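Shown below is the structure under consideration.
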Amino acid sequence: MTARIAIAELTDQPLDLAAHEAAVADPAAGAVVSFNGVVRNHDDGRMVLELEYHGHPTAPQLVREVAESVAARDGIIAIAVSHRVGMLHVGDIALAAAVSAAHRGEAFQACSDLVDEVKHRLPVWKRQVFPDGTDEWVGSA
């Protein structure tokens with residue numbers, strides 16, 4: 001049986017990890033594992049003030065495809081994953097994910113793979129803004 005996809009989206013709204021965790025809650029779940037990808041204040045030895053994410057028009061469908069592939073695994077109950085686009089500041093959540101499963105090992109592995117696959121496959125580009133006013137575009141998020 002394929003797990004429930006509770007959330008699979010690209011959004012310009014602030015992300016809430018607690019909402020992702022609540023979305024995957026289920027009485028059959030023995031584990032809920034979640035992840036917050038947070039904007040940090042540095043990258044490759046440089047201070048970063050803010051990030052701006054831009055997504056390709058196919059990005060929302062790819063988020064869903066990645067969620068569906070993880071949802072097809074045995075023992076997974078529900079999946080919630082969101083990637084934010086637009087301007088983000090240090091401390092903002094860029095990627096939120098939560099997975100519920102019957103057992104913790106399945107939940108940990110599925111959440112890790114979900115995050116890795118979203119970051120690998122999602123056509124999202126980021127512009128990093130530095131304190132000296134310069135910026136840099138970075139391939140995919």
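Under 8 Å between Cβ atoms, at least 6 apart or on separate chains: pull out the pairs that start in the stretch 94-112 with a residue that is within 29 Å of residue 127 (Cα to Cα) and end on any residue that is charged (D, E, K, R) and surrounded by 24 or more Cβ atoms within 10 Å (Cβ to Cβ).
Once the first residue is within 29 Å of residue 127 (Cα to Cα) and sits in the stretch 94-112, its partners that are charged (D, E, K, R) and surrounded by 24 or more Cβ atoms within 10 Å (Cβ to Cβ) give 94/84; 95/84.
Select from the stretch 84-141 the residues that are of a type in the set (Phe, Trp, Tyr), out of contact with any Lys or Arg (no Cβ under 8 Å at 6 or more places or on another chain) and closer than 18 Å to residue 39 by Cβ and list them in ascending order.
Within the stretch 84-141, 125 is the sole residue that qualifies.
Tell me which residues, restricted to the stretch 1-35, are of a type in the set (Val, Ile, Thr), assigned to a loop (DSSP other than H, G, I, E, B) and under 13 Å from the mean Cα position of the chain (by Cα).
The answer is none; no residue qualifies.
May I pose another question? Being over 18 Å from residue 9 (Cα atoms), charged (D, E, K, R) and surrounded by fewer than 19 Cβ atoms within 10 Å (Cβ to Cβ) is the requirement here; does residue 136 meet it?
In short, yes.
Grab the strands (runs of 3 or more DSSP E) fully contained in the stretch 50-100, keeping just those with 3 or more residues being not aliphatic (A, V, I, L, M).
Qualifying strands (runs of 3 or more DSSP E): 50-55, 76-84.
Filtering the stretch 90-127 down to residues that are basic (Lys, Arg) and over 15 Å from the mean Cα position of the chain (by Cα), which residue is surrounded by the most Cβ atoms within 10 Å (Cβ to Cβ)?
127
Output the residues belonging to the stretch 37-89 that are without any contact (Cβ under 8 Å) to a residue 40 or more places away in the chain, farther than 27 Å from residue 107 by Cβ and surrounded by fewer than 13 Cβ atoms within 10 Å (Cβ to Cβ).
42, 44, 45, 57
Could you check, for the stretch 103-116, whether at least one of its residues is of a type in the set (Lys, Arg), within 16 Å of residue 28 (Cβ to Cβ) and modelled with pLDDT of 95 or more?
Yes, some residue in the stretch 103-116 is of a type in the set (Lys, Arg), within 16 Å of residue 28 (Cβ to Cβ) and modelled with pLDDT of 95 or more.
Could you grab me the full set of residues in the stretch 117-135 that are more than 13 Å from residue 42 (Cα to Cα) and not in a strand (DSSP E or B)?
Matches in the stretch 117-135: 117, 118, 119, 120, 121, 122, 123, 132, 133, 134.
The values are calculated or read from the model by the stated rules, or taken from the named source; none is laboratory data. All values derive from a computational prediction rather than experimental measurement. Note that we place each Cβ from the backbone using ideal geometry, even for glycine, and neighbour counts take in every protein chain shown.
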